[in-house]
1. Could you sort 93, 56 by their accessible area in this structure, using a 1.4 Å probe and putting the largest first?
2. What is the mean projected area of the alpha carbon convex hull for the range 15-127, to one decimal in square nanometres?
3. Check which residues have an amide H placed less than 5 Å from residue 65's amide H, if you skip close sequence neighbours.
4. Can you tally the net charge around residue 28? Count Lys and Arg as +1, Asp and Glu as -1, for every other residue whose Cβ sits under 9 Å from the Cβ of residue 28.
5. Top to bottom by accessible area (1.4 Å), largest first, where do 86, 77 land?
6. Among the aspartates and glutamates, which have Cα under 18 Å from the Cα of residue 38 when same-chain residues fewer than 8 positions away are ignored?
7. What are the ³J(HN,Hα) values, in whole Hz, obtained from phi via the Karplus relation 6.51 cos²θ - 1.76 cosθ + 1.60 with θ = phi - 60°, for each residue of the range 110-116 in sequence order, with x given for Gly and Pro?
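The values are calculated or read from the model by the stated rules, or taken from the named source; none is laboratory data. On a predicted model such as this, the values are computed, not experimentally measured, just so you know. We place every Cβ from the backbone using ideal geometry, glycine too, and count neighbours over all the protein chains shown. To get the accessible areas, we keep the full protein, side chains included, count just its heavy atoms, and leave off ligands, DNA and RNA. Shrake-Rupley method; radii C 1.70, N 1.55, O 1.52, S 1.80 Å.
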Amino acid sequence: MAKIGLVAIAFLLFSHMAFSQSLADYQWKNRILVLVAKTENSSLLAQRKSFSTLKKELVERDLVLLELSSDKKELKERFDISERFEGVLLIGKDGGLKLKKQFFVDPKDVFALIDSMPMRRAEMRKN
């Protein structure tokens, strides 16, 4: 139950985060879905809204949602993100980039990709 609360809190606050935590803080614990946008525009709002009703699915997949502000060059360099890119990044528990796609990304596609990963399959078998 505490896990659900933490993810819900992270989800509610993610729009205000400036990606202050290091990716290493999440590695091997969470998958990270990063919404990248220069400004709070309609594409970002639609993408954020698409995940807002899916808290159960986020928790099941240890998925944390964050937004990347335009000034975080370290992450952009690490994953080769251009200054013009606006979209979604999926970072696996291993810290690797699993998906990089421009807005709009259907949450079902993100969940299907995660569910096809060997680590996620092992988690599903275990649970």
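1. Numbers: 93 20, 56 140 Å².
Result, largest first: 56, 93.
2. On the way: hull surface 26.6 nm².
Over every viewing direction, the Cα hull of the range 15-127 projects on average to 6.7 nm².
3. 33
4. Values: positive: 29, 93; negative: 94.
Local charge sum for residue 28: +1.
5. Details: 86 45, 77 145 Å².
Most to least solvent-accessible, the answer reads 77, 86.
6. Within the straight-line limit of under 18 Å, residue 38 reaches these aspartates and glutamates: 67, 71, 74, 77, 80, 83, 86.
7. Per-residue couplings from phi come out as 5, 5, 5, 4, 4, 5, 8 Hz.
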